[in-house]
Structures are given as structure tokens and as C-alpha cells.
2 protein chains.
Amino acid sequence: MVDVARTAGTSQKTVSRVVNAEPGVRPETVERVQRAIAELGFRRHDGASHLRRGTSTASIGLVLEDLAGPFYAALTAGVERRAREHGYLLLTGSADGDAERAGRLVQAFAARRVDGLLIAPNLVGDEVLTANLPPDVPAVLLDRPSADHGTDEVLSDNTGGIAQAVHHLAERGHRSIAYLGDDERFWTSRQRRDGFLAACAERGLPTDGLVSLGALTPERIAAAVSGWTAAGVTAVVTGNNRASVALLHHLHERTGPRLAHVGFDELDLADLLDPPLTTVAQDAAGIGSAAVDLLFERLATPTLPPRSVVVATRLVVRRSSPPPDGASAPPDRFDR
Amino acid sequence: MVDVARTAGTSQKTVSRVVNAEPGVRPETVERVQRAIAELGFRRHDGASHLRRGTSTASIGLVLEDLAGPFYAALTAGVERRAREHGYLLLTGSADGDAERAGRLVQAFAARRVDGLLIAPNLVGDEVLTANLPPDVPAVLLDRPSADHGTDEVLSDNTGGIAQAVHHLAERGHRSIAYLGDDERFWTSRQRRDGFLAACAERGLPTDGLVSLGALTPERIAAAVSGWTAAGVTAVVTGNNRASVALLHHLHERTGPRLAHVGFDELDLADLLDPPLTTVAQDAAGIGSAAVDLLFERLATPTLPPRSVVVATRLVVRRSSPPPDGASAPPDRFDR
DNA sequence: CTGAAAGCGCTAACAT
DNA sequence: ATGTTAGCGCTTTCAG
């Protein structure tokens, strides 16, 4: 910038004025400065500008579990879009199941003076927050709740979504519905299981022995399913897309009575499967943009009490969830 | 930091030494400073540190077309992982098909003084580079070539991958193979078409009227397919996953002679389709990490001539590509 | 309308 | 082993 000033024959301050489009510079001077800028290929150093101004860096950090999964990818896209609308840049990092790595990311983002943090790694506990989050950096938790509800959070309507699935199946005549969930360490696995139990209880449906959480190994799934079919189960709800895919693989290869299936979380090719899979679709991008909104509101009003936003799910009925064999249920229209 | 120094009763410089773990500070002093740091909740301002040091910001910027697609998501994950291994942070942004937005992202990243840029928006032309990229910011193009080969680039082996598909089908006895590609504006669409033509020529297979590029509307696809089947086509190669999905939708609903199908680009649920889809899998994460490697090599040795890295594809044979009806081709083993 | 001086938070280069 | 001074690139403050 000194060079530009020298070339333009003005003071550094005047160059600064031009660069920042401040009023009160003679058009002719502006012209001269801009020529010098172009000639020297000058670009303002945003970091120095932020430092002197003491303003925010206009950036936010996003800590994820794994950038590559479809849910996280859609979520990230939602975050990035909304952040960009506000003129903010996005820093991203994956924890890959490692709490220490998640902690380092939080610290690195904080050291760069991001304006806020969005934290979504679902395998990592709250220690990421308590141990690494400086008290003056606002954060929003995504897809997992804050243990003491002292932090803003955005969640899917897990309970409601599972209830949609259960009610859908019950209305079609299923009286014995099972729940297959992913690893119990995922908060969403447990939350959706609880939603399943509640929805079944509400309908007076049995759940004894019909709920299975854990690692999605073929063996465990085979055992669970064979137990369920022996017990007269006619429909299964899967608790996330990993569970859905695992069950689909199993059903693909086994023989036996047909099982209706509703999967939590949308699959990209759900409508090309045979049969097309009925799903409870989450609004991943909506979760992301809601989190950004929450963050900006907190930046504007730091004294706000912690809030919790629940994003609705949507039941997408396809053909994997027909009435049970021999049911005299509703007319035969299962397409969307 | 001044506050820490005051509290610890030392000079600011000593605090700096402690923060940066520089040698030559008495353990006892270190202790005292660290207590003050903890007490005041001090965190070093990385931006100020970089400014004074004149060092890099240890960050790279990634400009994508759309963060949410599976290919870009996997690519981003590859980039982020490799960047993190080097202690670098990643800034991401989506262009969403808008060249101007891509340009603004490039400028914003450059103004933040990222050490380098990774540029992948496949709908945007080279104007993003020429108009917005400062000459002193190294960049690597991903999944599209540099027009004048003046920039480092990482590409999938599009030609080889398509050849794998064609040879695979030809070896199973197909003599009339068609190519369905996405919009011609995508460089990859054209590149893969050219690869298709070359592979067919090499095998002596006809291609006249068997190649169709354009928007993936149901109408266009229906017209192309019906023309092809009338002309005796027994197999179709699709040029990207959007084309694959579009063709799958079409085949799903139409009746008519069976068509073998090989799709370029892996689909998440390819093996759960009916029939499971044979694909040419791209190594998206590998492309991402290769690009980061290229960038770091250029940062280390700026005088390197521009390089082009081609990442291999892998043919994943499933059941959508059997020999044509009535062929006396190879034994009937189509599983992976 | 323009400029000189001071300083954001930090560290290099010299003292001591 | 520790402190002092100066300055990274920019913008604020105040004076012309």
C-alpha cells in the first residue's frame, strides 16, 4: 500500500480511502490511485485490515464428523450458502471420529478468530466444547444436543420423524414393527429408538425384543431379522442411512417373508431401488442454514438465552412399505 | 498478550517466547507465564502472528461447483485430510454454476492470503483464473484442464476409464454401443465422448448416431434410447452419474429389449440396484489429495514447470453389463 | 479533500 | 535469561 501511495503520489491514507470506497476523495485522485493499484497488482491484506479495525474476520468454522457422507455434505452446502449470503467465509474440518482431532480443530479455528463455530461431529462428546472452546467464541451444535443446554443447537425432529414412520406403517395395518439402529454411541441412534418406543406405545404396539441397536454387521442384522420374522414382525424401521443400506443388503440376499421397510434419512437412489424405499427425509441443508442463522442472531445479541431449533422431517412414501401380506388395508396406491 | 505480561510480571516478548515454546526461558518463568495465560484465558491471535512473521497463513482455499454432490464431497474430504496432515486449514466455497461468484471466491480467498487455491468448478470457464487469480497465488485445477496448460491440474483418467467400459462391453460380445452424456458445457462430457469415440474406433465398432450429449431431460433420453434400440444397440455407456441416474430412471419405466449399461462414476447404492450397476469408479478423494500434493510441491519449488496428474479409474463389474441376448460369449460370471 | 502520526497484536533484531 | 525497540499492513484520529 505504501508502494501504491508512492506511485500515485498520495498518502497511504488516501489509498486506504480509495480501497475502501470511502467518500471525500476527488474523482481525479481516485482515478490516479486506481491506476497505481492496477499497475502494481496491489491487493489489500484482509488480515491486517481486520487486525487494525478490531472487527470480525467474517468467517465461521465448521467441525464435522466426515465431510464425505451425503448428510454432512448437504449440511455443509446449506451452511456455506447461508454464510456466503452474509459475506462470510467458511472453514471446514473433519474429526473422523477422533475427539482429540476435533479439539485441535476447535482451537485452530478459534486462534484464527472465526466469529463462531458450528460443531457437528456426532461421535465426539461434549468434551470438545468444555475443554477447547474459548468462552467468548459462540458455537452452535448440530445434530446433537448440548448436554447442559447451555449452547445453541439445531436438531432434526428425530422423534417426530420416527413417529411418522411408525404411524405410516400402523395405518397400513402393521401390528408388529421392529427398529434397527446404528451404534448406540450415536446420540441420534438412541434418540430415534426412544422415539420409536414412544410412537409404538402410543399406538399400543408391542416392542419387546423388537429393538436392536449396535454395529451394523451382517451377522447381527441376520440374527435380528430372523428373530423378528419368527416373532411375526412384518415391518422394520431403520434408524439412519447406514442402517438402511445394511438392511437392504441383507434383504437383497435372503429369502423369506417380505418385510416392509421405512428408512430414516433419505438415500440418493431411493426411488431406483427395487422396491423404491420409503424414507423419512431429513432437511440437512435446512439444518445447516438454521445453524448459521442461530449463530448470527447470537453474534448480534450475545445475551440471548440458549435456543434449540428442531427441523422438521418429511415422510416420502414409496413402495417398500405396503400393507402386510393378507391385510385388508387401504386401497392399493403406494406411489408417492 | 500485554495483559499476560503484566500479570506474569515479565515483558511481552517473554510471553511470546513461552507461547511459541522458544528455548531460553527459565522453567520457573514459563510456569508463571502459563498461569497468567490460563488465568486470563489468553489465546494468541494467529492473524497478527502471521502478519508480523510475514509467513504463510497455513490455509488453502477450495472453490467447488457444488459442495453437496457425492463426487465433490469425496473430493473435499480428500483435500481436507491431506491439508490437515500438513497442518493446513481449508476454506471452501461453492460457485453454484455462477462464474462471477467463483471469481469473488477466488478474490476473497486471495485477500485472506491463502497459500494456494484449488479450483474445481466445472461449469465455469478459465475466466475465473485469468481475471481473478493474482499471479503470485499458486493454483491447481481439478477435474478440468488448464486451457493453456500454464497451471497445475489433476484429472481423472476419463479416456482410459471410458475405454475400460467399452472394452468390457466389447469383450462380452456387444457390437453396437451407445454413449449418453451430460450437457456439452461440461468439459468432462466432451472428454469422455472423445474417449468413447477413440475406444470404439480402436475396436472397429460403429458410432454413427450412437452418441448423444445434452441436457438430461426424460424426453431427450427416451428419444435417444428408442433410436438406439431400433438401430440394434445392445449396450449404453453413461458419461457421469447424473446421466447414469437419468438412464436408470428411463429404463426403470420403459419396456423393450434389455440394454446393458455401464456408468462412469460410482453410485453409492450401485450394488443395491436391480440389476447392480457396473461402473467406472473415479477416485475422488485421490484427486483431492493429489491436488494438495501438487500445491505443496509448487509452494516448495515455485519454478517447477506446470504439471498434469491423471488419476486412474477402476472398472467395477456388476450385473448390469451382461453379454447381449443370444450371445455365445464368456461364461456366466458377472459378479465382482 | 488530504495527510501525519499512532497503534491493532504480535515477533525479529538487537540489546542487556 | 530477559527486555527494548521497531515494524508487519492496515486504519483510526486528528490536524491541516
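Throughout, read-outs are computed from the coordinates displayed, never taken from laboratory work. Values in this document were obtained by computation on a predicted structure and should not be read as measured data. Positions of Cβ are backbone-derived with ideal geometry, glycine not excepted, and every protein chain shown enters the neighbour counts.
Things to note:
- Theoretical FRET efficiency, 1/(1+(r/R0)^6), r = Cβ-Cβ of residue B:147 and residue B:249, R0 41 Å, to 0.05: 0.75
- Label point distance in nm, residue B:215-residue A:49, each placed 7 Å from Cα along Cα→Cβ: 3.9
- Region A:1-42: equivalent-ellipsoid semi-axes (sqrt of 5 x gyration tensor eigenvalues, Cα, Å): 14, 10, 9
- Working ranking of peptides B:126-134, B:68-76, A:48-56 by packing, defined as the average number of other Cβ atoms within 10 Å per residue, highest first, is B:68-76, B:126-134, A:48-56.
- For q = 0.13, 0.16, 0.17, 0.20 Å⁻¹, Debye-computed log10 I/I(0) when each Cα of region B:11-169 counts as one equal scatterer: -0.73, -0.93, -0.99, -1.22
- Magnitude of the charge dipole, chain B, Cβ model with Lys/Arg +1 and Asp/Glu -1, debye to 20: 980
- Over the Cα atoms of region B:146-281, the radius of gyration divided by the Kirkwood radius equals 0.96; this is the Rg/Rh ratio.
- Scattering curve values for the protein assembly as shown, log₁₀ I(q)/I(0), Debye with Cα scatterers, q = 0.06, 0.10 Å⁻¹: -0.42, -1.06
- Taking amide hydrogens as placed 1.01 Å from N in the peptide plane, the amide H of residue A:264 sits under 5 Å from those of A:238, A:239, A:240, A:280, each at least 5 positions away in sequence or on another chain.
- Between region A:73-115 and region B:201-217, the alpha-carbon center distance in angstrom: 44
- Simple point charges give the picture: +1 on the Cβ of Lys and Arg, -1 on the Cβ of Asp and Glu, and for the protein assembly as shown a dipole about the Cα centre of about 1400 debye.
- Pseudo-label separations to other copies for residue B:30 - Cα-to-Cβ vector, 7 Å, nm: 5.6
- Kirkwood Rh in Å, taken over region A:217-336 so that all alpha-carbon pairs contribute: 16.7
- Between amide H atoms placed 1.01 Å from N, distances below 5 Å from residue A:10 occur with no residue 5 or more places distant or on a separate chain.
- Computed over Cα pairs, the Kirkwood radius of region A:45-108 leads via Stokes-Einstein (1.002 mPa s, 20 °C) to a diffusion coefficient of 165 µm² per second.
- Working note: Karplus 6.51/-1.76/1.60 with θ = phi - 60° gives region A:178-195 the couplings 10, 10, 10, x, 7, 2, 5, 5, 6, 4, 5, 4, 5, 4, 6, 4, 4, x Hz, where Gly and Pro are set to x.
- Inter-chain Cβ neighbour count for A:81-90, averaged per residue, equals 3 (cutoff 10 Å, partner chain atoms only).
- log10 of Debye I(q)/I(0), alpha-carbon scatterers only, for region B:125-206 at 0.12, 0.18, 0.22, 0.26 Å⁻¹: -0.46, -0.78, -0.99, -1.22
- Value of relative contact order over region A:158-282, rounded to a whole percent, pairs C-alpha under 8 Å and six or more apart: 28
- Estimated [θ] at 222 nm from DSSP helical runs (n ≥ 4, -39500 (n - 2.57)) normalised by residues in chain B, nearest 500: -13500 deg cm²/dmol
- Computed on region B:59-193, with alpha-carbon pairs under 8 angstrom and 6+ residues apart, the relative contact order is 21 percent.
- Taking only the C-alpha atoms of chain B, Rg followed by Dmax gives 26.4, 90 Å.
- Each other copy holds its own label point for residue A:304; taking that point as 7 Å from Cα along Cα to Cβ, the gaps run 4.5 nm, nearest first.
- Close amide H partners of residue A:154, meaning residues 5 or more places away or on another chain with modelled amide H under 5 Å apart, are A:141, A:142, A:143, A:144, A:309.
- Distances from residue A:98 to itself in the other copies, using label points 7 Å out along the Cα-Cβ axis, amount to 3.7 nm in increasing order.
- For region A:18-23, Karplus couplings with θ = phi - 60° (6.51, -1.76, 1.60), whole Hz, Gly/Pro x: 5, 4, 9, 6, 6, x
- For the protein assembly as shown, the residue among A:264, B:291, A:161 whose Cα projects farthest onto the positive side of the dipole built from Cβ charges is B:291.
- Taking θ as phi - 60° and the Karplus parameters 6.51, -1.76 and 1.60, the scalar couplings of region A:53-62 work out to 5, x, 8, 5, 8, 6, 8, 10, x, 10 Hz in sequence order, x denoting glycine and proline.
- Region A:122-196 and region B:16-61 have Cα centres spaced 39 Å apart.
- Positive-pole candidate from B:222, B:237, B:209, dipole of chain B, charges at beta carbon: B:237
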